[in-house]
Ligand code: NAP
């Protein structure tokens, strides 16, 4: 018996990084996995085959998580293809860093829409299916930056802090329907997103981490397996930090 046997999961933004690691860990644990990507079409298609090799049903969808109508259509398509939705992981996210003085309206809007509005879009659509099934687990990927702020990331920090308020509200609203909603706050995880940072910034981050290293996408994925599985069936409304002890 595996931790996610027979569960259907949607992971947004799974062509790379943490999303990809979560899709793979979910498949290893027996889940059927629907996942999305936006620009990385080839990587998305390759992941579909990689996941299917675990003997589960896997399908990739090209879908913009920040688009309300597209999210509705995606959830309807996944429900038709897979029969139900047990776990939703809202992972798709971007950065457009810069000091507030130089931050354009466009860079504010695109980050809020991609990171925060997407969570509203997908959660609203998926909870209709989960309410029918009378169970569900929603996992929203926030960040330690949403808990403490970060100079040069006012847009990103606001989007991630917004996710935390949203998560707690949904947990309160939907608990009586047996739908749980939690957030994971990764610290410094080695992906393409953090690969953009210069060596000095990476050194500074590493120094501030008690475990003295960046995290691996798989280490965030392990936490998502726990929150998606029945191992966490009495846990809702929480923010679990996966940050090597950075923020205590
Ligand atoms: P990443 O390597 O840059 O991957 C981002 C993923 O999101 C890609 O698969 C991308 O797909 C997808 N995506 C972007 N915009 C999308 C949209 N509008 N619709 C659908 N998919 C979209 O990032 P990552 O480091 O794995 O981060 C994943 C999540 O963890 C993000 O929410 C991020 O904020 C959060 N996080 C990361 C860290 C870290 O240290 N890396 C720390 C804390 C939190 P395409 O390539 O197809 O566009």
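Computed from the coordinates by the stated procedures, all read-outs in this text should not be read as laboratory data. Values in this document were obtained by computation on a predicted structure and should not be read as measured data. Counting neighbours? That spans all protein chains shown, and the Cβs are built from the backbone with ideal geometry, glycine included.
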Next item on the list: Sort out for me the Cα centre separation of region 40-109 from region 195-248, rounded to whole Å.
Entry: 21
Next item on the list: Over the Cα atoms of region 68-177, compute the convex hull volume and normalise it per residue, giving Å³.
Entry: 90
Margin query: On alpha carbon coordinates alone, what is the Rg over Rh value for region 1-86, Rh being the Kirkwood radius?
Written below: 0.94
Check: What angle, in degrees between 0 and 90 and rounded to the nearest 10, separates the Cα long axis of helix 154-174 from the longest principal axis of the Cα atoms of the chain?
Finding: 30
Check: Hey, any idea what the orientation-averaged projected area of the convex hull of region 104-242's Cα atoms comes to, in nm²?
Finding: 9.0
Check: Based on the Kirkwood radius over alpha-carbon pairs, what value in µm²/s does the Stokes-Einstein equation return for the translational diffusion coefficient of region 8-242 at 37 °C and 0.692 mPa s?
Finding: 185
Notebook entry, point to check: Which whole-number percent gives the relative contact order of the chain, counting Cα pairs below 8 Å spaced six or more residues apart?
Noted result: 20
Next item on the list: With a Förster radius of 25 Å, plug the Cβ-Cβ distance of residue 1 and residue 57 into 1/(1 + (r/R0)^6) and report the FRET value to the nearest 0.05.
Entry: 0.85
Item checked: Kirkwood hydrodynamic radius (C-alpha pairs) into Stokes-Einstein, region 200-248, 37 °C and 0.692 mPa s, D in µm²/s -> 267
Next item on the list: Quickly work out the residue 201-to-residue 50 label distance, labels modelled 7 Å from Cα along the C-beta direction, and quote it in nm with one decimal.
Entry: 2.5
Notebook entry, point to check: Quick one: length gained pulling residue 226 to residue 172 fully straight, 0.36 nm per residue minus the C-alpha distance?
Noted result: 17.4 nm
Check: By how many degrees, 0 to 90 and rounded to 10, does the Cα axis of helix 17-28 deviate from the longest principal axis of the chain?
Finding: 30
Next item on the list: Evaluate E = 1/(1 + (r/R0)^6) for residue 190 and residue 76, where r is the Cβ-Cβ distance and R0 equals 35 Å; express this FRET efficiency to the nearest 0.05.
Entry: 0.50
Note to self: Tell me the angle of helix 118-133 to the major Cα principal axis of the chain, expressed in degrees between 0 and 90 and rounded to the nearest ten.
What the structure shows: 20
Margin query: Counting only helical runs of four or more DSSP H residues, what would the 222 nm mean residue ellipticity of the chain come to if each run contributes -39,500 (n - 2.57) and the total is spread over all its residues?
Written below: -14000 deg cm²/dmol
